[in-house]
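Worksheet: the structure to be examined is printed underneath.
The values are calculated or read from the model by the stated rules, or taken from the named source; none is laboratory data. What you see is a predicted model, and the numbers here were worked out from it, not measured in a lab. Don't worry about glycine lacking a Cβ; one is built from the backbone with ideal geometry, like all the others, and counts go over all protein chains shown. In case anyone asks, the SASA skips ligands and DNA or RNA and just uses the protein heavy atoms, side chains included. Shrake-Rupley method; radii C 1.70, N 1.55, O 1.52, S 1.80 Å.
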Amino acid sequence: MVVSVASTGSDTADPVQHSTFFASRYVRDPLPRFRMPERSIPREAAYQIINDELMLDGNPRLNLASFVTTWMEPECDKLIMDSVNKNYVDMDEYPVTTELQNRCVNMIAHLFNAPIKEDETAIGVGTVGSSEAIMLAGLAFKRKWQNKRKEQGKPCDKPNIVTGANVQVCWEKFARYFEVELKEVKLSEGYYVMDPVKAVELVDENTICVAAILGSTLTGEFEDVKLLNNLLTEKNKETGWDVPIHVDAASGGFIAPFLYPELEWDFRLPLVKSINVSGHKYGLVYPGVGWVIWRCKEDLPEELIFHINYLGTDQPTFTLNFSKGSSQIIAQYYQLIRLGFEGYKNIMENCMENTAILRQGIEATGRFEILSKEAGVPLVAFSLKDRDRYTVFDISENLRRFGWIVPAYTMPANAEHVAVLRVVIREDLSRSLAERLVVDIVKILHELDAHAAQVVKVSSAIAKQSGDDGIVTKKSVLETEREIFAYWRDQVKKKKTGPC
Amino acid sequence: MVLSKAVSESDMSVHSTFASRYVRSSLPRYRMPDNSIPKEAAYQIINDELMLDGNPRLNLASFVTTWMEPECDKLIMAAINKNYVDMDEYPVTTELQNRCVNMIAHLFHAPLGESETAVGVGTVGSSEAIMLAGLAFKRRWQNKRKAEGKPFDKPNIITGANVQVCWEKFARYFEVELKEVKLRDGYYVMDPVQAVEMVDENTICVAAILGSTLNGEFEDVKLLNDLLEKKNKETGWETPIHVDAASGGFIAPFLYPELEWDFRLPWVKSINVSGHKYGLVYAGIGWCIWRNKEDLPEELIFHINYLGADQPTFTLNFSKGSSQVIAQYYQLIRHGFEGYRNIMENCHENAMVLKEGLVRTGRFDIVSKDEGVPLVAFSLKDRSRHDEFEISDMLRRFGWIVPAYTMPADAQHVTVLRVVIREEFSRTLAERLVLDIEKVMYQLDALPSKLMPPVLLPPAPLLVAAKKSELETQRSVTEAWKKFVLAKRTNGVC
């Protein structure tokens, strides 16, 4: 009689079926990093592996470096998930989604006081972010200027754009990739935005536009677009050059209309021809949506628009990206109708109040100087009064231990000696969190103070022992201290340029 | 005695959405509403309007992925608030991108040493990837011409007329001339011989497509490489090749591993692939891989200092979501080589099932090849009475979205219907589609042709005194309303 033995085959059976993931062999196998693995693995294993590694990313909500939205209502999350498989560019297949984008464009255009009549539709487009929006706006200016120069029979090979040195990196990208010269108005200590007077001085016949920022990345300040408009109008009259303005309202575009409605910065100023705003900053949507609005049809040269025929419908498009998800557009529409004007206003007012709380708390420590203004984007930028013992970079690093991500950076030319910490107040930074942050900053100051004092003791002991030629060089405590700190600080840090 | 009444009316949160006033108010369309509305109302209003969008999974026009596993959906939702560009705050996410770049570079046989890292980047799609690749070629060519003291104001790029629109965008926005190799009847991809003839000293690169949008065909990159090698030797121009493998990049390595189209060919300097096509990820991710560091001019790379870390970046977009990058990594390790191969083989088989079903009807010519991207492009044998646009329209009534379009120059007289077979298009669905197409053909046969000369309809047949047979009357009434149902469509494809 043959006794048959059932094959238990424990090597071959998929252990995940019988035991939890953490009992399976998948947690023992090295994770594929640079080559695709040969074999498949069960989906639960793939999920767990990735999920666990991602635990070591920073917590987005404690990322106080970023203006970009990190929280939305669960209802909106549902809409986002439902539309994650809709390719936005398939306009004919998803006509409602396309229409939602058009509605957003119109709502935002009206928010910016675009001169559109009752039955006219606005000119604008949804993008992946302000970078794409700025590139499209810049392209439109470049092409308009080239056409004008060609008509006049003048050379059109050296276009330039005038901005402040405080511009976000995407302007530099635009300039480099689209071969436009970037003429930057340098900053100065105490004046961290573009000076309209200097800007207009830099304008010449090759200037395709002057770009003003509403909500400087560095200090949250709004540039004086009205003054720029007035000065530029005068210069245009004298020279006949017709140089336009673009307002980079990436952050400020969803703040100014609600908090400072009387501030004239948008299409109310006649030389402003296009505006970009990030839907994913104070538009209160997750990363991945921006908007660019043009004043009117004439400001967007027809030759840049592609007419694609999808299944019989003509769809004009002007974007750099083609296929992309629809979720953020739908989320933007959700926010616009869910909150309405009053909702956005309430949220911005809350942000400003919490900013004030944070600012007062920081000022109360007596150790910091506040560089950000009270009006502008809700953020607090502050620098150390006494930079001899430690710097803002030290504070930034130590805050990480508590879980906070607060960036430190130096100002661009010509204020590179100024280093700041910057905390951005988003919708989801409540008062209690703001107060906790102040408490943690105070803790760190105490720690750093104590550490500095300790090093002084050690260094003076070393100073007494050193001196190889019998002469004990008595360094002052301060000098030694400075040397040691300079040494280890330089080991850890590199020179910082701009922030994001 | 005063009877007090509890306030019952105005607490809107008590009412169900459909009982509330929000479904009676007109939805704001062009101006922001002044007031807020409850989140449930906002959700319901938008969700309900979106019901009238097409069903993404029945959208057979698109190559872009429309289904992923629920575990991946969970990862996507968890990462939705991570701004991908914050590299220092999210180092693991950044590393996952780097791993994907390396995995894909190895898949394309990039000539990397064991410890070398690949040169490449994640993008929002192939459009951005192509623009970056094109920019790199343009800059390299300009630098070379400057070094030679020659003019560099007229760069051009050579492609087939079958290119996807993003090449035209690149050409127009970045001021490069687009020289297109025309197609011809029966030959719907770029002819390498003609392409190489068009190369001149101003050509920044020749772009070949692996997986033409129109009929899924793979262009002969090897032949292009060999012909270009000869011409480069004669002229010394060093014109490189870019392969637009938007669709084919995740198919060829698994189904046709012996096909040489990638970095195994020495003149191929960069390749783009769409993660959101056969990379099996939702819309919003592409990859661009360069052969090595020299092919990507350093001056195009931005070094951004975030909180002390130097991060080199070369993208057009800055802030964007992290979800798709994580989803791509999930797919690469979840499926592995064998998983992708199984999926592509299934797609190919289902494409054959569909193709054979169509051939069996006897009414269609198959325009797509068996090799290439799994799709079936077919046209009517007899176009005298009805055309492909009518079939496309009628299929919509069954829920299917199947596009019809005319070929570009010089084959504009050819019209095709195209069905793309994606991962989730099962055999059952393929068989059902064939059945529905047969139904549509049957219905069309009974209809009068809109292409025939106009028929004079009898006025209000019920009032005519002349005695018609019942059949005649019915026919004339039917003709009257049917003629308004069909309308001519134009052309073009995405």
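Restricting to the range A:106-118, and then to whatever is open to solvent by less than 10 Å² (accessible area, probe 1.4 Å) and within 9 Å of chain B (Cβ to nearest Cβ), can you tell me which residue is nearest to the chain's Cα centre (by Cα)?
A:Ile108
Determine, yes or no, whether B:His386 is closer than 28 Å to B:Ser274 by Cα, in contact with a helix residue (DSSP H, G or I) (Cβ under 8 Å, 6 or more places away or on another chain), of a type outside the set (Gly, Ala, Ser) and open to solvent by 10 Å² or more (accessible area, probe 1.4 Å).
no
Working carefully through the options B:Gly236, B:Gly211, find the one that is crowded, with 22+ Cβ neighbours inside 10 Å and either of a type outside the set (Lys, Arg) or not assigned by the TED database to the domain that holds B:Arg145 (or both).
B:Gly211
Only one of (1) aliphatic (A, V, I, L, M); (2) within 8 Å of chain A (Cβ to nearest Cβ); (3) surrounded by fewer than 19 Cβ atoms within 10 Å (Cβ to Cβ) is not met by B:Met68, so which one is it?
That leaves (3) as the condition not met.
Working only within the range A:150-174, note down all residues that are without any contact (Cβ under 8 Å) to a residue 60 or more places away in the chain and open to solvent by 10 Å² or more (accessible area, probe 1.4 Å).
A:Lys150, A:Glu151, A:Gln152, A:Gly153, A:Lys154, A:Pro155, A:Cys156, A:Asp157, A:Lys158, A:Glu172
State all residues of the range A:125-136 that are of a type outside the set (A, V, I, L, M) and either surrounded by fewer than 21 Cβ atoms within 10 Å (Cβ to Cβ) or more than 8 Å from chain B (Cβ to nearest Cβ) (or both); if no residue qualifies, say none.
A:Gly126, A:Thr127 - these are the residues of the range A:125-136 that are of a type outside the set (A, V, I, L, M) and either surrounded by fewer than 21 Cβ atoms within 10 Å (Cβ to Cβ) or more than 8 Å from chain B (Cβ to nearest Cβ) (or both).
Within the range B:339-348, does at least one residue satisfy the condition of being open to solvent by 20 Å² or more (accessible area, probe 1.4 Å) and not in a helix (DSSP H, G or I)?
No, the range B:339-348 contains no residue that is open to solvent by 20 Å² or more (accessible area, probe 1.4 Å) and not in a helix (DSSP H, G or I).
Which one of B:Phe318, B:Phe254 is open to solvent by 10 Å² or more (accessible area, probe 1.4 Å), within 14 Å of chain A (Cβ to nearest Cβ) and not hydroxyl-bearing (Ser, Thr, Tyr)?
The conditions single out B:Phe318.
So, A:Gln328, is that one out of contact with any Ser or Thr (no Cβ under 8 Å at 6 or more places or on another chain), within 28 Å of A:Lys86 (Cα to Cα), open to solvent by 10 Å² or more (accessible area, probe 1.4 Å) and within 14 Å of chain B (Cβ to nearest Cβ) or not?
yes
Would you say A:Glu99 is open to solvent by 10 Å² or more (accessible area, probe 1.4 Å) and not in a loop (DSSP other than H, G, I, E, B)? Reasoning before the result, please.
On the way: open to solvent by 10 Å² or more (accessible area, probe 1.4 Å): yes; not in a loop (DSSP other than H, G, I, E, B): yes.
Judged against the criteria, A:Glu99 is a match.
B:Ala79 passes all but one of (1) surrounded by fewer than 17 Cβ atoms within 10 Å (Cβ to Cβ); (2) modelled with pLDDT of 90 or more; which number fails?
(1)
Can you tell me which of A:Leu202, A:Leu227 is open to solvent by 50 Å² or more (accessible area, probe 1.4 Å), out of contact with any helix residue (DSSP H, G or I) (no Cβ under 8 Å at 6 or more places or on another chain) and not aromatic (Phe, Trp, Tyr)?
A:Leu202
Do the conditions hold for B:Glu148, that is, is it acidic (Asp, Glu) and surrounded by fewer than 22 Cβ atoms within 10 Å (Cβ to Cβ)? If you could, list the steps in order and put the result at the bottom.
Working: acidic (Asp, Glu): yes; surrounded by fewer than 22 Cβ atoms within 10 Å (Cβ to Cβ): yes.
Yes: the conditions hold for B:Glu148.
If we scan the range A:194-209, do we find a residue that is more than 14 Å from chain B (Cβ to nearest Cβ), in contact with a Leu (Cβ under 6 Å, 6 or more places away or on another chain), under 23 Å from A:Tyr409 (Cα atoms) and among the charged types (D, E, K, R)?
No, the range A:194-209 has no match at all.
As an exercise: evaluate A:Pro412 against (1) surrounded by 13 or more Cβ atoms within 10 Å (Cβ to Cβ); (2) modelled with pLDDT of 90 or more; (3) in contact with a Leu (Cβ under 8 Å, 6 or more places away or on another chain); (4) within 14 Å of chain B (Cβ to nearest Cβ) and give the number of the one condition it does not meet.
Here A:Pro412 meets the rest and fails (2).
With respect to the numbered conditions (1) aromatic (Phe, Trp, Tyr); (2) in a loop (DSSP other than H, G, I, E, B); (3) surrounded by fewer than 16 Cβ atoms within 10 Å (Cβ to Cβ), which one is the sole condition not fulfilled by A:Phe22?
Unmet for A:Phe22, out of (1) aromatic (Phe, Trp, Tyr); (2) in a loop (DSSP other than H, G, I, E, B); (3) surrounded by fewer than 16 Cβ atoms within 10 Å (Cβ to Cβ): (2).
For the range B:6-34: of the residues being within 14 Å of chain A (Cβ to nearest Cβ) and exposed (fewer than 10 other Cβ atoms within 10 Å of the Cβ), which is modelled with the lowest pLDDT?
Applying the filter and picking the extreme gives B:Ser13.
Residue by residue, here is whether (1) over 22 Å from the mean Cα position of the chain (by Cα); (2) acidic (Asp, Glu) holds:
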residue: A:Cys104; (1), (2): no, no
residue: A:Glu120; (1), (2): yes, yes
residue: A:Val128; (1), (2): no, no
residue: A:Ser131; (1), (2): no, no
residue: A:Lys173; (1), (2): no, no
residue: A:Gly190; (1), (2): yes, no
residue: A:Lys198; (1), (2): yes, no
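Given (1) touching a residue at least 60 places away in the same chain (Cβ under 8 Å); (2) within 13 Å of chain B (Cβ to nearest Cβ); (3) surrounded by 17 or more Cβ atoms within 10 Å (Cβ to Cβ), where does A:Gly403 come up short, assuming only one miss?
(3) is the only condition that A:Gly403 fails.
Scan the range B:151-171 for residues that are over 20 Å from B:Leu316 (Cα atoms), of a type in the set (A, V, I, L, M, F, W, C) and either touching a residue at least 60 places away in the same chain (Cβ under 8 Å) or open to solvent by less than 10 Å² (accessible area, probe 1.4 Å) (or both) and jot them down. Before the answer, list the steps.
Residues of the range B:151-171 that are over 20 Å from B:Leu316 (Cα atoms), as a first pass: B:151-163.
Restricting the remaining residues to those that are of a type in the set (A, V, I, L, M, F, W, C) gives B:152, B:157-158, B:161, B:163.
If the condition is that a residue be over 20 Å from B:Leu316 (Cα atoms), of a type in the set (A, V, I, L, M, F, W, C) and either touching a residue at least 60 places away in the same chain (Cβ under 8 Å) or open to solvent by less than 10 Å² (accessible area, probe 1.4 Å) (or both), then B:Ile157, B:Ile158, B:Ala161, B:Val163 are the ones that fit.
So is A:Leu339 touching a residue at least 40 places away in the same chain (Cβ under 8 Å) and within 8 Å of chain B (Cβ to nearest Cβ) or not?
yes
Can you name the residue in the range B:35-59 that is touching a residue at least 24 places away in the same chain (Cβ under 8 Å) and crowded, with 22+ Cβ neighbours inside 10 Å and is also farthest from the other protein chains (Cβ to nearest Cβ) among such residues?
Of everything passing the filter in the range B:35-59, B:Ala41 is farthest from the other protein chains (Cβ to nearest Cβ).
Search the range B:230-262 for residues being farther than 17 Å from B:Ile130 by Cβ and of a type in the set (A, V, I, L, M, F, W, C), and hand back the single one that is farthest from the chain's Cα centre (by Cα).
The extreme case among them is B:Trp237.
Go through A:Ala140, A:Ala122 for me and flag whichever is modelled with pLDDT under 95, crowded, with 20+ Cβ neighbours inside 10 Å and within 11 Å of another protein chain (Cβ to nearest Cβ).
None of the other options fit; the residue is A:Ala122.
Taking the condition within 18 Å of B:Trp267 (Cα to Cα) and surrounded by fewer than 23 Cβ atoms within 10 Å (Cβ to Cβ), does B:Pro111 pass?
Here the answer is yes, as B:Pro111 does meet what is asked.
Does B:Leu96 satisfy the criteria of being touching a Pro at 6+ places or on another chain (Cβ under 6 Å) and at the interface with another protein chain (Cβ under 9 Å from one of its Cβ atoms)?
no
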